[in-house]
């Protein structure tokens, strides 16, 4: 009788867990929708523009000098929110960090905020979408998932180093793969360092910047592309080494 009762309660328990998971996904999706809607409805993006940064640079610098620890914490939290919600303005925040804290310190603070926000976005995408995607397209995505998982670090590092791939797209797509959280965090933390430092260092000359295009010159982008391609060298080596001579 005990075994029978346990067997009878299993479907109910499974159904309850599925219902709880479904409600959790709806709740998270709703919170994200409200946050994104509020950002665009109240036009908060106006504060994350180059003109706004240049107009308020004196007051921002004074605030950072007088309340350094608080300014650092506020900066990191702002970066987590922008990266986590995939909001426009990460480049402006990076310039602001360089202007307020210097190239090296700003790169450290940016790395903490961007990596944390990217990881939250990665986990959110995985929780909300991966099961559905695998159920519908698992047969077709199977070989891709296996190949990506074997060289996940190199692939992710390349995607992070080359600025041609939007940050939020990499977060979303990575969440749909089977890459481990640890590998994702490590590749993200390392891969964003060069770009973060370039823009943070440029922030020290904020007064001379009239357009973001002045920073992302063809030479700079070319250097990032080369770094990204170098990250693929281990993958290429494995494939050639695996072939019989």
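Each reported figure results from applying straightforward, stated rules to the coordinates on display, with no laboratory input. A quick note: this is a predicted structure, and the numbers were derived from the prediction, not measured. Positions of Cβ are generated from backbone atoms using ideal geometry, with glycine treated the same way; all protein chains shown enter the neighbour counts.
Summary table
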| quantity | calculated |
| --- | --- |
| Separation between Cα centres of region 87-152 and region 172-234, rounded to whole Å | 12 |
| Helix axis angle, 233-242 relative to the chain longest principal axis, alpha carbon, degrees | 40 |
| Using alpha-carbon coordinates, inclination of helix 218-231 to the longest axis of the chain, degrees | 30 |
| In degrees, nearest ten, helix 2-41 long axis to first principal axis of the chain (Cα) | 20 |
| Shape call, region 162-223: gyration tensor on alpha carbons, a/c limit 1.5 | prolate |
| Estimated FRET transfer efficiency when R0 is 35 angstrom, pair residue 183-residue 74 (beta carbons, to 0.05) | 0.70 |
| In range of the label at residue 21: residues from region 165-185 whose backbone nitrogen is under 16 Å from the point 7 Å along Cα→Cβ | 176-178 |
| Proxy reagent accessibility, fewest Cβ within 10 Å first, across 26, 215 | 26, 215 |
| Residue order, fewest to most beta carbons within 10 Å, for 74, 50 | 74, 50 |
